[in-house]
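The values are calculated or read from the model by the stated rules, or taken from the named source; none is laboratory data. On a predicted model such as this, the values are computed, not experimentally measured, just so you know. So basically every Cβ, Gly included, is an ideal-geometry build from the backbone, and we count neighbours across all protein chains shown. Just the protein is used for accessible areas: all its heavy atoms, side chains included, with ligands, DNA and RNA removed. Shrake-Rupley method; radii C 1.70, N 1.55, O 1.52, S 1.80 Å.
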Amino acid sequence: MDKYLIDGGRRLYGCVPLQSAKNAVLPLLAASVLTEKRVTIREAPPIADVFCMAQILRELGADVTFSGNDVVIDSANACNHEISSALTKELRSSVFMLGSLLTRFRRALIAYPGGCDIGLRPIDLHLAALRRLGVRIAERDGFIFCDCDKLRGAEILLDFPSVGATENILLAAVMAEGRTVIAGAAKEPEIVDLQNFLNTMGARVAGAGTDVIEVEGVRELKGAVYRPMKDRIEAGTFLLACAACGGEIETRGVPAENIRLLLHKLRENGCKIHTKNDRIQIESRGRLKCNRRIETMPFPGFPTDLQAQTAALNASCEGGALIVENLFETRFKYVPELQKMGADIEVKGRHAFVRGVKRLHGAVVTAGDLRGGAALAIAALGAEGVSEVLDLSHIDRGYADFCGKFKKLGAEIRRVRV
Ligand code: UD1
């Protein structure tokens, strides 16, 4: 297993090339089997979650090839509607496959999904919505069995704007008979990207980005060539790293409105932020101030996927911060690792109280989940002395060339085999 060796304290300067958004590409890959025609996703990020999703599609019988930066899916010969537990346990997003498989085969059998260890992550909303579309569902021995005679459009009210459930419903509704209305839908930009992709394939979806999405079922979908949106969480991670280290960097490809609340919080820290079209520039000088309160919420609220990285920044700012995690029950598991670097953070249930210390110091820490791992890297980059970040498998799930990109900005970071 690889680790990072990081000698902290270097300022970051330069422009960060952003990858396509992990959370956009995964549902697009799931959607690619809605048609028997060829689908090309341009610039798919070479990250473990994408490779795992590709493996799931291959298990269904699809031909998946990586050519240059693109991934090409030809599922004309796909005939399998079962996904083995080895793969679904690796990747929670495999749950999207329920919607796609039901549209394509009227049947699906998947093992209960896995993913990051950040909380309970039930899928009751997904299953209740699929039932509304006419799906019969049985859960037995860790497997979910679904089948239907046909999918029928319906009005679905989501009690909570779940990103995954909204995407799954779209995948099940695009070719259902009649009209589906999703009220209380999640409004994340990645859902708009999925809508755009489905419409490129010939679907009739409208309203993504608002809380009511309408889908008019179509008879068939065609192939498509599509370039996904850029990764707003990756952009946020680099902006937070620059804030923690000092310096001046620019991200290109993510418009400010996709991470508006983060930019507001960074200004509150004392950073200068300039935005123009899809460029975001940050300038960080001197000691920053803690954010008084950060509370994660569904979009357009503060993203839970940037909560850990924000805590890592606040750990060495002046003052104190209260961080409230509303989405996932156990998303503070990185805190004991940050404490090894001298962070003063107390966790009580969904609340973390951060008292800023003057400087974090180097330590040997272990990444236990994707964004928690990124947070440890940020803390190490800003800390005094040498750190080791162990177990990069989680970071590899979501960030392509994390180490190389930081190196180009001037960080002292190396990836080494253990
Ligand atoms: C997606 C993102 C993930 C991000 C999260 C919240 C992908 C691949 N992953 O995950 O990076 O952190 O959105 O922005 O896009 N819930 C239920 N029942 C359900 C479904 C969800 O109770 O059936 C709850 C979850 O336990 C959680 C909350 O709803 O508390 C948010 O989950 P959801 O929006 O579904 O997140 P994911 O789609 O899993």
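Backbone geometry of the stretch 349-364 corresponds, through the Karplus equation with coefficients 6.51, -1.76 and 1.60 at θ = phi - 60°, to 3J(HN,Hα) couplings of x, 8, 10, 10, 9, 9, 10, x, 9, 5, 7, 7, 10, x, 7, 9 Hz, x marking Gly and Pro. The antiparallel fraction among DSSP beta bridges confined to the chain stands at about 70%. Run the simple label-point estimate for ASP401 and ARG414 please: 7 Å along Cα→C-beta, distance reported in nm. With each label point 7 Å from Cα toward Cβ, the separation is 2.1 nm. Surface composition of the chain: carbon and sulfur atoms hold 48% of the protein heavy-atom accessible area at a 1.4 Å probe. Note: relative contact order over the stretch 87-222, using C-alpha pairs below 8 Å and six or more positions apart, is 22 percent.
Using the Cβ atoms and a cut-off under 9 Å, what net charge is assigned to the surroundings of PRO298, where Lys and Arg are +1 and Asp and Glu are -1? Charge balance near PRO298 sits at 0.
From the Kirkwood radius over Cα pairs of the stretch 22-226, Stokes-Einstein at 10 °C and 1.306 mPa s returns a whole-number translational diffusion coefficient of 97 µm²/s.
Given a 1.4 Å probe and the protein chains all in place, what does the accessible area of PHE143 round to, in Å² to the nearest 10? Here the accessible area works out near 70 Å². Relative protection proxy for 229-236, 276-283, from highest mean packing down: 229-236, 276-283 (other beta-carbon atoms within 10 angstrom).
Annotation: extensible slack from PHE66 through CYS79 equals 2.5 nm (criterion: 0.36 nm per residue apart, minus Cα-Cα distance). Our compactness index for the chain, the C-alpha radius of gyration over the empirical 2.2 N^0.38 Å, is 0.98. Averaged per residue, the chain has 39 square angstrom of accessible surface, using a 1.4 angstrom probe with ligands and nucleic acids left out.
Under a 5 Å amide H cut-off, with hydrogens placed 1.01 Å from N, GLU384 pairs with LEU360, HIS361, GLY362 among residues at least 5 apart or on other chains. Its alpha carbons considered, the stretch 1-93 gives a radius of gyration followed by a Dmax of 16.4, 54 Å. The number of Lys pairs in the stretch 22-226 with C-alpha atoms less than 27 Å apart, excluding pairs fewer than 8 positions apart on the same chain, is 9. Extension gain for the segment LYS222 to HIS351, taken as residue separation times 0.36 nm less the Cα-Cα distance, is 41.7 nm to one decimal. Here is how the number arises for the chain: DSSP H runs of 4 or more residues each give -39500 (n - 2.57), the sum is divided by the residue count, and the result at 222 nm is -9000 deg cm²/dmol.
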